[in-house]
Amino acid sequence: MVVDIANGRLDPTAAFDFVSDPGFGGFAMFVGRVRDLNHGRVVTGVSYDMFDALALNGFRRIVDAAYEEFGPGIRIHVGHAKGRLGVGDLAMVVAVGTPHRDEAFRVCRQVVEAVKHTSPIWKQEHYADGDSQWSEGCSLCESHGSAG
């Protein structure tokens, strides 16, 4: 799901409810928040822009790949905010429910990394000095450790 910050907020509780099942003993969740400092610069907020349909298709491919690898007996929720977010606002929520904890951790990590590295989401950071800068974003990184 994509949530426009002007119309609502990401809800980790709803994400957890979505992936819950009485047969599951393992749950993992990643919640990404806007932080106040990046690369030594004081951040006042970020703006995320995306073409919703393209992003949602990408999320679906990521989820389908996880189902293919781990089996259809799991549940996955992917949510990302768009628009102008302040420090502390939720930017991304990924929740996973599985029968066992190990696969919950592995699926959650795989989905988060795939969203960060492949999704067409553009991030602009806004700084305390009044400047703003578009982030290269992980999907443009040559290696997973280059930016984020």
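The values are calculated or read from the model by the stated rules, or taken from the named source; none is laboratory data. Note that the structure is a prediction, hence the values are computed from the model and not measured. Cβ atoms come from the backbone with ideal geometry, glycine included; neighbour counts cover every protein chain shown. Please note that ligands, DNA and RNA were not included when accessible areas were found on the heavy atoms of the full protein model with its side chains. Shrake-Rupley method; radii C 1.70, N 1.55, O 1.52, S 1.80 Å.
For the reader, a short list of remarks on this structure follows.
- Residue within the stretch 45-60 that is within 19 Å of residue 121 (Cβ to Cβ), open to solvent by 20 Å² or more (accessible area, probe 1.4 Å) and polar (S, T, N, Q) present: yes
- Flag for residue 29 being closer than 17 Å to residue 118 by Cα and surrounded by 15 or more Cβ atoms within 10 Å (Cβ to Cβ): no
- Test: residue 69 is under 22 Å from residue 17 (Cα atoms), among the acidic types (Asp, Glu) and at pLDDT 95 or above: no
- The stretch 62-107 - residue that is of a type in the set (Lys, Arg) and touching a residue at least 40 places away in the same chain (Cβ under 8 Å) and, of those, surrounded by the most Cβ atoms within 10 Å (Cβ to Cβ): 82
- Tabulated pairs, the stretch 1-28, first assigned to a strand (DSSP E or B), second charged (D, E, K, R), C-beta under 7 angstrom, 6+ apart or interchain: 2/52; 2/82; 3/9; 4/82; 26/101; 26/103
- Within the stretch 32-44, being open to solvent by 60 Å² or more (accessible area, probe 1.4 Å), under 26 Å from residue 109 (Cβ atoms) and in a strand (DSSP E or B) holds for 33, 37.
- Residue count for the stretch 101-126, restricted to those that are assigned to a helix (DSSP H, G or I) and modelled with pLDDT under 95: 3
- Taking the criterion of being part of a strand (DSSP E or B) and charged (D, E, K, R), the residues of the stretch 59-100 that qualify are 75, 82, 84.
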